[in-house]
Amino acid sequence: MRKPFIAGNWKMNLDLSEAVKLASGLKEELAGVTDLDIGVFPSAILLPDVVDALTGSGIVVGAQNMHNEEKGAFTGEISGPMIKSAGATHVILGHSERRHVFGESDELVNLKLKAAHKFGLSPIVCVGEKLEEREADRTAAIVERQVKAAFDGISREPAEATVIAYEPVWAIGTGRTATPEQANEVHVIIRRLLARLYDDELANGFRIQYGGSVKPENATALMAQPDVDGFLVGGASLKVDSFVGIIRY
Ligand code: PGA
């Protein structure tokens, strides 16, 4: 019922020729895959070339972040309309590196989510607890706070068009994956919260990705969980073989 969505977050990796090579390799390897949605999220400066390289592939392209304003004196930032004009359709918001390295607040993620909807981009909103929060048994409270804040004031229709990525901070780039059960448990918490904030129909149709050290070796077990609807992949999305290996879970 929920079409899996597997997305590669390239972070601050790959130059222009490497990015185009990776995109072309994915296009070739993944031709004809239609039973799940696939997306790549290169650095903003690479968007037009990656969009070009993937034309006709069915693989969607998005940015890793955006500013909430349409334009103005915000040196170094990129806006939703700029992302769209580069041919991209998606955007990642509130990634843990944005929250914890660059100090983005729940309130800012909410403004960005509203802006993504306003400018016609499909957002992936990231949430997840830090190690000390998990150890203090605060995972549910943290994730619920992040989801509630992100969706504050967002009506049903745009909410429905959003994807959430649950990414425990302690699992990102560490090689330490959440167990399939740990991932599913939090996905269920998020889905129940969405049912309370909206309704059962929205919650049941809503896609929740898992992220944090996903690799071909753990993709099958994670995807076997009933509430895991795909992945947001960092490191393993930088090579054709490993990203395709995950997609062929
Ligand atoms: P990772 O990153 O797969 O390298 O752990 C995931 C992410 O940050 O989205």
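Only the coordinates and a few stated rules stand behind these numbers; no lab work does. Computed from a predicted model, the values in this text were never measured in an experiment. Here Cβ is always computed from backbone atoms with ideal geometry, including for glycine, and neighbour counts include all displayed protein chains.
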Sorted by Cβ neighbour density within 10 Å, fewest at the top, the residues I45, I142, I92 = I45, I142, I92
Beyond 30 Å, what share of the Cα-Cα pairs of the range 5-247 is found? Please give it as a whole percent.
-> 20
What percent do you get for the relative contact order of the chain when only Cα pairs under 8 Å and 6+ apart count?
-> 20
Sorting F102, F243, F231 on the 10 Å Cβ count, fewest up front, what's the list?
-> F102, F243, F231
Close Lys-Lys pairs in the chain, where close means Cα under 17 Å and separation is 8 or more or interchain = 15
Gaussian network model of the chain, springs between alpha carbon atoms under 10 Å - residue of M66, M82, M12 with greatest fluctuation = M12
Taking the alpha-carbon centroid of each part, what is the distance from the range 212-249 to the range 51-107 in angstrom?
-> 22
Local charge sum around K215 (other residues, Cβ-Cβ under 13 Å, Lys/Arg +1, Asp/Glu -1)?
-> +1
Taking the DSSP beta bridges in the range 5-247 as the whole, what percent of them are antiparallel, to the nearest 5?
-> 0
The chain - charge dipole about Cα centre, Lys and Arg +1 at Cβ, Asp and Glu -1, debye rounded to 20 | 140
